[in-house]
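Following: one structure in structure tokens, then a few remarks.
Read-outs throughout are calculated quantities, based only on the coordinates presented, and are distinct from any laboratory measurement. It should be emphasised that the depicted structure is a prediction, and the values quoted were computed from it without experimental measurement. Quick reminder, even Gly has a Cβ in these numbers, built from the backbone with ideal geometry, and neighbours come from all protein chains shown.
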Amino acid sequence: MLRRVRTLPLALCLVASVASVAILATGCVTPQDIEGLNAQLADIQRQVLQIQKQAPSKEEVSSQVSNLGASVGRQMESLLKTEADMQVKLQDLSSQIDELQAKLEDTNYRLAQLSQQIAATNQELKSFRSLPPAVPPEGTIGGDPQQQPVQPPPQQNPAGGGADPQTLYNSAYNDYLKGSYDLAMREFQEYLANFPTTELADNATYWIGECYYRQRRFRQAVEQFDTVLERYSRSDKVAAATLKKGYALLELGERSQGVVQLRHVIKQYPNSDEANLARQRLREIGVDAS
């Protein structure tokens, strides 16, 4: 545009010269014609000067372009800094979310363990409620024990090594509750060896599996729970054995088989404590209970 403005005076002079030549060529030039032409040229020159004043100079255009470039550069730098700050904040937020997720998973695991312990305690209480009352030795009478006739010591059971079934079972279970799993297993195994046909044999077999499970010996636990299911198919421990077998299979990484066992508990015993625990565990691993 600057080039165009600067070439206007030259073009106008050429036009004026051509017009003058044309007038002279006609041979009819009057003073009035020359004055009119000079007036037109003066008017055109004023317009050109006005256009030159209004049009920015090269230096002004260059300065404006430079200022615009600097402004755009500052805005880009500000945007880049803002983006970098946002990235840092997003990383911090992601770390906080991961930390909270880990704490939530740990809390869920602890709650699941507590639920398992409560269910196991409830099952054991049911077992104790179903036991027959202890029968006092013959000849025992009411009143002051000092007035009771002296009884001969009970005859030892050769197979049981002198221990009666209930005492041996209670001792094994108390050791289990104390966390002495190896000792509890030996006592439950002794119970089964000496009293295999008693009504607590299924319970003893089940608690051996629980001892294995507590020691994280999951393969042995699965085998022991299978023994409960195969040998005592009508036992009240079947639901619990199936549930804990499913737990053990999940711990072993056999997810599909573990899910099958947990769903079986829900289907066969829908209103039991074991079914509620199975549903909870399936939710934890993101599997539908149906």
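Assorted remarks:
- With a cut-off of 14 Å between beta carbons, the residues surrounding HIS264 carry a summed charge of +4, where Lys and Arg count +1 and Asp and Glu -1.
- For ASP182, net neighbour charge (Lys/Arg +1, Asp/Glu -1) across residues whose Cβ lies under 12 Å away: +2
- Taking other C-beta atoms within 10 angstrom as a stand-in for reagent exposure, THR227, THR30, THR242 fall in the order THR30, THR227, THR242, fewest first.
- When only alpha carbons are used to place a centre, region 271-286 and region 189-211 end up 27 Å from one another.
- Neighbour-count order for LEU177, LEU41, fewest beta carbons within 10 angstrom listed first: LEU177, LEU41
- Charge context of THR227, other residues only, Cβ under 13 angstrom, K/R +1, D/E -1: -1
- If you plug the beta carbon distance of GLN91 and GLN220 into 1/(1 + (r/R0)^6) with R0 = 35 Å, you get a FRET efficiency near 0.15.
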